[in-house]
Amino acid sequence: MTSNGVCLGECRAQCPLNCFHLSFSQFQKYLYQGFTSGSADSRAKTFSILKSKIISWLKDAESAQDNLSHSNGGTHRNGEGNGEPNTPCAVAILEQHLEWLFCLSVQCPLEDVRQWCTQLMAIIEQSEQIQNKVKITLKLQELNAAVERGASSFIPCDLIVPVSNPPKETKALFTEAYRHNNRLDYLTQIMGFHPQYLACFIRTQNRLIRADGPIPYTHRHYIAIIAAARHQCTYLVHLHTAEYLHAGGDRKWLESLDNVPVKLRNLQEINRLLAHRPWMVTRKTIESLCRCGRNSWTMSELTHAIVLLAHFHALSSAVFGCGVNFELDDTSGRLLHSDGESNSESDTENNPSDKAAVDTLLDRLQELKNEAEEYSEEEGKRRFESIETQATEYPIVQARNSESGSCSPSSCVKSASKVESSTSHLVDHPEFVYADFAKYKEKDTVLTFRASDCSWETHGFSIANRFYPDIGDLLDEKFRVAKQFTYNTVGEKYTNVNTQDFRTGIWNYIHCIMGIRHDDYDYGRVNSLLEKGLKSFIKLMTCYPERVRQKDFDGIMVGFTYSEKIHVNIILLEAKMQAELMYALRAVAQFMT
């Protein structure tokens, strides 16, 4: 099977159209790689080859179907011999790839490719050799409906940066992403709101996934799959399952953890700890991976794996927080998010009006600008602990066993249960979820992580670069841009506004939830800058992203633009990733000493 589910190996031995299958492998290469060329002439050549092949194959399919009709009644039967007729392979393959051609015709950033794929679709759709036209018509109707829903179920389609006519800078980034990934995925399109950040994101993800590194390509995609599965993010699981299979990954690994090599399976512990309780990652966690005989990880391999895990944990939060829909060619479904009950205290009924919410933030920013309060170190610690304790009071949707942190089955969110069942086989201990850091600290089992003792800038950056060259620089740039870029606007009408305090407040509040304290920050500012609903949403996004619903998204930052809400999601993504890396790389440093 190909990553798109097309019959190759299973039918090759039984189907009279073996020559068609041999040609198809070449067809697939042109379709999935030829259009990504940076040369317009090369792309035109690809179109010419594909067009001639499709026309030729349609004629061959008609002839082969006539031969089949004489030999076995006009049906192609499967290998199990159960007598159930299947669509002739030639036609089935063209029908299957009609879907991919449709995707490129609407989602490719290159105009010539969009036009050519539309032409190729028309040749297939209008051919008299295609017998299953009703099926094709229904499929195209389904795809068109998905296109109308757009990249996000939270943001109106016409307000997202368009693929067909984006700003010049964004178009170049969309094209770069397409050439690297053979697609422009929906998450990248949504990030197109902020090209300055998207440029850093693409560079970093390409380094992690595409560039030379200590971990094989199939293993990288497998690590991405198990990281996303921890947060039940089927969008990323499906995306990287296709990449994993395309790179030659063993399908059995995706069926059961028992089929996975021991070395990779050993990552499950650090995967669940980083995703849900990163403060539990210790020197012993690292030692168990690096000193286990022939299945040991080298430090360069483990550093690469840690960054991959943290990246895809955080990216899962962004997927849910932005309401990203399934890709057009994802046959599992079209809508990733339900519009169920709100899971945070961010309902618009309990929040100020559009104007009041924006004006309130502006007033608070001005007040803080004029304040220069001095306070003792002890008072700074007390303010941090106050915010930390308040965070434990926000509802967490599911009843929880206070000792284990596990979810009560009777209280599970219905809309999440289906997603959980589709990813739970990819992780161990799926019941292991977030538990409030403050409650662990009360039992004296962990201490607050003081950023001054092991900061990203001083320690994490250099450790990452030492074992995985250049990744520290790329991550540092991405963190800095996410936190600092601004358009100096609030809402639709206010300009020349310095929002640095607001952005810093969100970043440090996320770190607070994860047990990290910045000594040079006044945590008394958090309650002034972040209203209760926003803090509840931030906790939901950080700790339980799979439970975010549209009402949660709509209920925060009322009166702000969608671009500003996406910026908050980006800050959350990067602050969460940095927090995980700070804990993991501190443990690496302790192991090395």
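Here are the numbers:
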quantity: Stokes-Einstein D for the range 253-301, Kirkwood Rh over Cα pairs, 37 °C, 0.692 mPa s (µm²/s); calculated: 283 µm²/s
quantity: Area of residue 218 that stays accessible when all protein chains are in place (1.4 Å probe, Å², to 10); calculated: 30 Å²
quantity: Shape of the range 463-569, Cα gyration tensor, a/c cut at 1.5; calculated: prolate
quantity: Sequence of 532, 576 from largest to smallest accessible area, 1.4 Å probe; calculated: 532, 576
quantity: Highest-first arrangement of 429-435, 275-281, where packing means the average Cβ count within 10 Å; calculated: 275-281, 429-435
quantity: Accessible surface, 1.4 Å probe, highest first, among residues 592, 299, 191; calculated: 592, 299, 191
quantity: Distribution of pairwise C-alpha distances over the range 108-167, 5 Å bins, in %; calculated: 4, 15, 17, 21, 19, 13, 7, 3, 1
quantity: Amide H contacts under 5 Å for residue 517, placed H, 5+ residues apart; calculated: 449, 450, 451
quantity: For the range 474-488, Karplus couplings with θ = phi - 60° (6.51, -1.76, 1.60), whole Hz, Gly/Pro x; calculated: 5, 5, 4, 5, 5, 4, 5, 5, 4, 7, 9, 5, 7, 10, 6
quantity: Above-threshold pairs, the threshold being 32 Å between Cα atoms, out of 45/252; 45/565; 45/139; 171/252; calculated: 45/252; 45/565; 171/252
quantity: Phi-based couplings in Hz for the range 281-293 (Karplus 6.51, -1.76, 1.60; Gly and Pro marked x); calculated: 6, 10, 3, 5, 4, 5, 4, 5, 8, 9, 10, 9, x
quantity: Cα principal axis extents for the range 139-214, largest first, Å; calculated: 44, 27, 20
quantity: Counted charge near residue 125, where neighbours are those whose Cβ lies closer than 13 Å (Asp, Glu -1; Lys, Arg +1); calculated: 0
quantity: Euclidean distance between Cα centres, the range 521-577 to the range 218-245, Å; calculated: 25 Å
quantity: 5 angstrom amide H check on residue 489, placed H, neighbours 5+ away; calculated: 497
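The values are calculated or read from the model by the stated rules, or taken from the named source; none is laboratory data. Bear in mind that the values here come from a model prediction, so they are computed numbers and not experimental data. Here Cβ is always computed from backbone atoms with ideal geometry, including for glycine, and neighbour counts include all displayed protein chains. We work out accessible area using only protein heavy atoms, side chains counted, and drop any ligands, DNA or RNA first. Shrake-Rupley method; radii C 1.70, N 1.55, O 1.52, S 1.80 Å.
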